[in-house]
Amino acid sequence: MRNSDNERTPLIAVIPATALSVSSGSRPYGAASHPDPDPRETTSDFVVNHLDGESGRKLPQYIAGLAVSAGALATGTFLGWTSQVEIPLVQNKEYGFPISDEEFSWIGSMANLGAAVMCLLIGVLMKMIGRKRAMLAMALPLLLGWSLIIFAKNVAMLMVGRFFVGIGGGAFCIAAPTYTAEIAQPLIRGTLGTLYQLLVTIGILFVYGIGDAVNVQMLSIICGAVVPLVIGFICFMPESPQYFIEQNRDYDASRSLMWLRGRRYDEWAEISELRAEEANIREKIKTFFQAFKQRATMRTLIISLGLMFFQQLSGINAVISYTTFILNDTNSGVLVATPVTTVIVGAIQVVVMLLTIFIVDKVGRRILLMISAIFMAISTILLAVYFQLQEDDSTQVKNLGWLPVLAVCLFIAMFSIGYGPIPWLMVGELCASNVKAYVSPLAGAFNWLLASLVTKFFIDVLDDLGIAGVFWLFSGLSLLGTVFVFFMVPETKGITLVEIQQILSGERMRRPSDQSNSTIQDNDGSDSR
């Protein structure tokens, strides 16, 4: 709504200017000398906005979400790098110094360890200097890490370089979903949250595609060249409005929301809601120990750690890292060439992740997680049965060489539609602003540590249980993950971050009708957007 001077009419009847603190040197929105608007007209306009809840522009939010998620390309490059360089470095000694299988396993694991360490620190860094600047700061460890790898003269330089790229790339798994959850309106928050995992898979596929065309040093140079591109994208994005609210900088939060939602959007209604929730959280949570006395925080921690546990213990890293090994141990006779296998695996992940982006805000998080877990269990059951029959009598599977190929492709597709992107998305959604520095880092570090352990000890477990036993184990864990989601994970589709905290604390129960129409809650005043 606009007044005669073609300026936006402040909603003074709804949000008194005195209720909003602003940074020094700025005036509160609504403090202009224009005559007050007619209260009935103002209230009417607010209610229309209120019932809609999604009146802002979406394109700027997509641009910002895509830009910060570009950091996932850096993560994808260091994840895909390992599988492309093992033969050149270990067998061909391309760098001119010997590397044993054990040393290479540590080279691969050091990036995961670096990511785990940074996950414990990135939450504090985001709170101190902001989400945007924390991501920009990751350029330093990334560039340092790739420089050490490019010019490595011994195994130690490779290990330290991998540790630093893990620090830089791993930070984005917390920072990017947190940022996108805070800038996005409810109806597109899931879409923006899954962009991170999509770009991880694109980064992996990129490395798979060029890995056999260049030597290790050139591959590392190309991976390092991705970093300035990523940082360039992030530079032009606004800081998260939630960070400004935490710093009592309402005017800056207003400017950020105007960039993200458009100038016609009533950003002060959203700021009022965010400030109220921030004040409520600060009243309840003042220290680390107080945070974990809150029901909402404990539920968030349990759900976040549980999703990360079942994500990694589904067997995804083992399947991806040892796809060639698995298929070489069958009678399929196809897809056993490493370049072909890895590119197909990477392509499946990218295609399914694109599908997930379009459906996650329509279907919902819980149903995608359960579908993902059930079909991953079916896939690993098929692999377990195949290898069990092969162990008993190899003639029984003589004509079933296609089965493990189908099972592996189905597994990767189903992981990418649910348990791949959604755990990271939900960590960003579930964490209240004052506990992000505690819960998100714990979840991220837990995930990377599990990834490192599963990848490193897969062969040891394989020797103890046999290949059939390993896949029986993975299938059982995937089924257990389905039960966990059904009983523990709330649906967060289409509701505000404030409402999510109310659900986690038990103040508000999600009605089934909410999942199809999030605006129903507005009729009884539960959504102040």
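Some points to look at:
- Selection over the range 205-231 of residues that are among the hydroxyl-bearing types (Ser, Thr, Tyr) and touching a Phe, Trp or Tyr at 6+ places or on another chain (Cβ under 8 Å) gives a count of 1.
- Selection count where residues are under 11 Å from the mean Cα position of the chain (by Cα) and either of a type in the set (Ser, Thr, Tyr) or surrounded by fewer than 23 Cβ atoms within 10 Å (Cβ to Cβ) (or both), scope the range 162-190: 3
- All conditions but one from (1) in contact with a Leu (Cβ under 9 Å, 6 or more places away or on another chain); (2) open to solvent by less than 10 Å² (accessible area, probe 1.4 Å) apply to LEU148; the one that does not is (2).
- Which listed residue is at pLDDT 85 or above and buried (at least 18 other Cβ atoms within 10 Å of the Cβ), from ILE348, ILE302, ILE281, ILE320: ILE348
- Condition met for GLY418 (open to solvent by less than 60 Å² (accessible area, probe 1.4 Å) and within 19 Å of the chain's Cα centre (by Cα)): yes
- Of all residues in the range 63-83 being open to solvent by less than 10 Å² (accessible area, probe 1.4 Å) and hydroxyl-bearing (Ser, Thr, Tyr), the one that is farthest from the chain's Cα centre (by Cα): THR77
- When VAL207, VAL227, VAL216, VAL200 are checked against the criterion of being farther than 29 Å from PRO60 by Cβ and within 24 Å of the chain's Cα centre (by Cα), a single residue qualifies: VAL207.
- Qualifying positions in the range 203-220 - open to solvent by 60 Å² or more (accessible area, probe 1.4 Å) and over 10 Å from THR77 (Cβ atoms): ASP212, ALA213, ASN215, GLN217, MET218
- Set GLY96, GLY123, GLY145, GLY130: member being over 26 Å from GLY209 (Cβ atoms), out of contact with any Ser or Thr (no Cβ under 8 Å at 6 or more places or on another chain) and not hydrophobic (A, V, I, L, M, F, W, C): GLY96
- Just so you know, in the range 486-500 the residues that are in contact with a Ser or Thr (Cβ under 9 Å, 6 or more places away or on another chain) and in a helix (DSSP H, G or I) include one that is modelled with the lowest pLDDT, and it is LEU497.
- Hey, ALA137 without any contact (Cβ under 8 Å) to a residue 40 or more places away in the chain and either surrounded by fewer than 24 Cβ atoms within 10 Å (Cβ to Cβ) or on the phi > 0 side of the Ramachandran plot (or both) or not: yes
- When VAL360, VAL385 are checked against the criterion of being assigned to a helix (DSSP H, G or I), closer than 17 Å to TRP472 by Cα and at pLDDT below 90, a single residue qualifies: VAL385.
- Residues being assigned to a helix (DSSP H, G or I), surrounded by fewer than 20 Cβ atoms within 10 Å (Cβ to Cβ) and in contact (Cβ under 8 Å) with a residue 40 or more places away in the chain - total across the range 232-245: 2
- Among the numbered conditions (1) open to solvent by less than 40 Å² (accessible area, probe 1.4 Å); (2) in a helix (DSSP H, G or I), the only one that ILE99 does not meet is (2).
- Odd one out for LEU199 among (1) open to solvent by 40 Å² or more (accessible area, probe 1.4 Å); (2) under 30 Å from SER55 (Cβ atoms); (3) aliphatic (A, V, I, L, M): (1)
- Restricting the search to helices (runs of 4 or more DSSP H) fully inside the range 122-197 and requiring at least 2 residues that are modelled with pLDDT of 90 or more and under 30 Å from SER100 (Cα atoms) gives 139-150, 155-183.
- Qualifying positions in the range 248-266 - within 28 Å of the chain's Cα centre (by Cα), surrounded by 18 or more Cβ atoms within 10 Å (Cβ to Cβ) and in a helix (DSSP H, G or I): ASP250, ASP252, ALA253, SER254, SER256, LEU257, MET258, TRP259, LEU260, ARG261
The values are calculated or read from the model by the stated rules, or taken from the named source; none is laboratory data. As the structure is a computational prediction, the values presented were derived from the model and not from experiment. Please note: Cβ atoms are built from the backbone with ideal geometry, for glycine as well, and neighbour counts cover all protein chains shown. Note: accessible area is taken over every heavy atom of the protein model, side chains too, but ligands, DNA and RNA are not part of it. Shrake-Rupley method; radii C 1.70, N 1.55, O 1.52, S 1.80 Å.
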